[in-house]
Amino acid sequence: MSNILLTHSRSPAGSGNPLTLGAIVLLVLGAAFIGFAHGALLAALFIVGAALGVTLYHAAFGFTGAWRAFIVNGRGEGLRAQMLMLAVGVILFFPVLDAGQLFGAPVRGYVSPVGLSVIAGSFMFGLGMQLGGGCASGTLFTVGGGNARMVITLLFFCVGSVLGTVNFDWWTSLPHMAPISLVDRFGAGGAMALSLLLFALVAAITVRVERDRHGSLEKEKVPDHHGMQRVLRGPWPVMIGGVLLALLNFLTLALAGKPWGITSAFALWGAKGAMLFGVDPTQWFYWQQPANAHALASPVLADVTSVMDIGIILGAMIAAMFAGRFAPNLRIPLRSVLAAAIGGILLGYGARIAYGCNIGAYFGGVVSGSVHGWLWLVFAFLGNMLGVKLRPFFFKQPPAGITKTA
């Protein structure tokens, strides 16, 4: 279930399209440049990012659209796909995180404090999802897919992210509990059993709600393509997309030593942009932390998250070209532009103070056994509920019973 309507028009599909060939060449050259400049490991993560972009696009794996479909219409396939993704994730992650190493290299999860900053930030992020038209991963793959409006969301996402670093120390000083790891508390087996039970409970609730409202579960539409054509041009089943995202996240853990993340790069891009206008982010607490200070002082392409984000955009672009759907449309209603700007700022600011987004905090946090990931899910969902209520002011609404993907 996609976050955004990519375009109504189509471009020539397939590998014979010069734009497709150009994008593939750009991917290869980008990997080669990153490899020579910053090492083979970063080049490999760039390719993993591209694979994530292809998967997100072809499976139309959305968080924003999936949550809105459940809130508005009681359709839960997207949420069930998320639960499957998380289930595969904890099965892969928990034993490795419990051991503290993978293939002899140290690994760590995203385990963050549980407190008011997570509650406020995740609620802001959830609200921003519905106004901005996407989450963190959704913004990247729809930008790569050719959605011009989402470029605006991405720009203000970066603005909001850097604003979130200005008073990050104040937010983190609010009442909170120390990080809680289910893996540390219950061991890999106990944490896995508890998590799988919760995933099954959420999935069961979506099934009950959907059957109560519609009498049956929504069936997958008959695809236009089959066999290798479907592999190259999509669409892929959303459940397959969830499994692939979990596997690619685990590959990220193996290569980078940490789970997949997205929005720390947006804060970095925003801070570097602010420096061009004479602003000195190094005076802020967030950028005085060793890892963040190092990232700010280094080239963007030396940053793991930035490299993977760029890879996601390029991978989604290649997927859109193979599907024949890469055709940016610059005719964007003014209210939609306003929603993208407001939503982008909320997304960026919320992600910083909540220790991450739908990928770093929700996906990465839950598969790391962090309680803050579950807290993020609850309050981001509540933010989505408010965002759904506010959408009619900004967007022309579809007829009753239809969930528009924009």
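The values are calculated or read from the model by the stated rules, or taken from the named source; none is laboratory data. The shown structure was predicted, so the numbers you read here are calculated from the model rather than taken from an experiment. Here Cβ is always computed from backbone atoms with ideal geometry, including for glycine, and neighbour counts include all displayed protein chains.
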State which residue pairs qualify: first residue in contact (Cβ under 8 Å) with a residue 40 or more places away in the chain and inside segment 270-299, second residue in a helix (DSSP H, G or I) and acidic (Asp, Glu) in any location, beta carbons under 9 Å apart, and separation of 6 or more residues or different chains. Trp284/Asp169; Phe285/Asp169; Tyr286/Asp169
Do any residues in segment 195-210 that are more than 17 Å from Val366 (Cβ to Cβ) and without any contact (Cβ under 8 Å) to a residue 12 or more places away in the chain have Cβ atoms under 8 Å from those of residues that are of a type in the set (D, E, K, R) and surrounded by 13 or more Cβ atoms within 10 Å (Cβ to Cβ), where the two are at least six apart or on different chains, and which pairs are they? none
Scanning segment 1-26 residue by residue, those within 30 Å of Gly132 (Cα to Cα), surrounded by fewer than 20 Cβ atoms within 10 Å (Cβ to Cβ) and either modelled with pLDDT of 70 or more or polar (S, T, N, Q) (or both) turn out to be Thr7, Ser9, Ser11, Leu19, Gly22, Ile24, Leu26
What number goes with the only condition from (1) part of a helix (DSSP H, G or I); (2) under 25 Å from Asn329 (Cα atoms) that Gly30 does not pass? (2)
Checking the structure you have, find out if any residue of segment 171-179 is closer than 18 Å to Phe94 by Cα, at pLDDT 95 or above and exposed (fewer than 13 other Cβ atoms within 10 Å of the Cβ). no
Take the residues in segment 144-153 that are surrounded by 24 or more Cβ atoms within 10 Å (Cβ to Cβ) and either hydroxyl-bearing (Ser, Thr, Tyr) or in contact with a helix residue (DSSP H, G or I) (Cβ under 6 Å, 6 or more places away or on another chain) (or both); name whichever of them is farthest from Trp171 (Cα to Cα). Gly145
Segments classed as helices (runs of 4 or more DSSP H), wholly inside segment 54-141, with at least 3 members that are closer than 20 Å to Lys221 by Cβ: 64-73, 77-99
Matching residues in segment 297-312 - criterion: being in a helix (DSSP H, G or I), buried (at least 20 other Cβ atoms within 10 Å of the Cβ) and either in contact with a strand residue (DSSP E or B) (Cβ under 9 Å, 6 or more places away or on another chain) or not small (Gly, Ala, Ser) (or both): Val304, Thr305, Val307, Met308, Asp309, Ile310, Ile312
Can you list the helices (runs of 4 or more DSSP H) lying wholly within segment 203-286 that have 1 or more residues being closer than 27 Å to Ser122 by Cα, touching a Ser or Thr at 6+ places or on another chain (Cβ under 6 Å) and modelled with pLDDT of 95 or more? 238-256, 263-276
If Phe36 passes every condition in (1) surrounded by 21 or more Cβ atoms within 10 Å (Cβ to Cβ); (2) aromatic (Phe, Trp, Tyr); (3) over 24 Å from Leu197 (Cβ atoms) but one, which one does it miss? (1)
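Evaluate the following for Phe168: is it surrounded by 24 or more Cβ atoms within 10 Å (Cβ to Cβ) and either over 24 Å from Ser336 (Cα atoms) or touching a residue at least 60 places away in the same chain (Cβ under 8 Å) (or both)? I'd like the intermediate steps shown before the answer.
Numbers: surrounded by 24 or more Cβ atoms within 10 Å (Cβ to Cβ): no; either over 24 Å from Ser336 (Cα atoms) or touching a residue at least 60 places away in the same chain (Cβ under 8 Å) (or both): yes.
No, not satisfied.
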Counting only residues that are of a type in the set (A, V, I, L, M) and closer than 23 Å to Gly115 by Cα, which one in segment 154-165 is surrounded by the most Cβ atoms within 10 Å (Cβ to Cβ)? Val162
Considering segment 323-355 alone, what residues qualify as being buried (at least 24 other Cβ atoms within 10 Å of the Cβ) and either free of Cβ contacts under 8 Å to residues at least 60 places away in the same chain or closer than 30 Å to His225 by Cα (or both)? Phe326
Has segment 198-218 got at least one residue that is surrounded by 13 or more Cβ atoms within 10 Å (Cβ to Cβ), within 25 Å of Ala351 (Cβ to Cβ) and aromatic (Phe, Trp, Tyr)? yes
Of the candidates Leu97, Leu127, Leu116, the one satisfying the condition of being surrounded by fewer than 24 Cβ atoms within 10 Å (Cβ to Cβ) and either farther than 27 Å from Phe322 by Cα or not hydrophobic (A, V, I, L, M, F, W, C) (or both) is Leu116
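May I ask you to list the residues in segment 139-186 that are over 22 Å from Gln288 (Cβ atoms) and not hydrophobic (A, V, I, L, M, F, W, C)? Please lay out each step first, then the result.
Narrowing segment 139-186 to residues over 22 Å from Gln288 (Cβ atoms): 139-157, 175, 177, 180-186.
Thr139, Thr142, Gly144, Gly145, Gly146, Asn147, Arg149, Thr153, Pro175, Ser181, Asp184, Arg185, listed by residue number.
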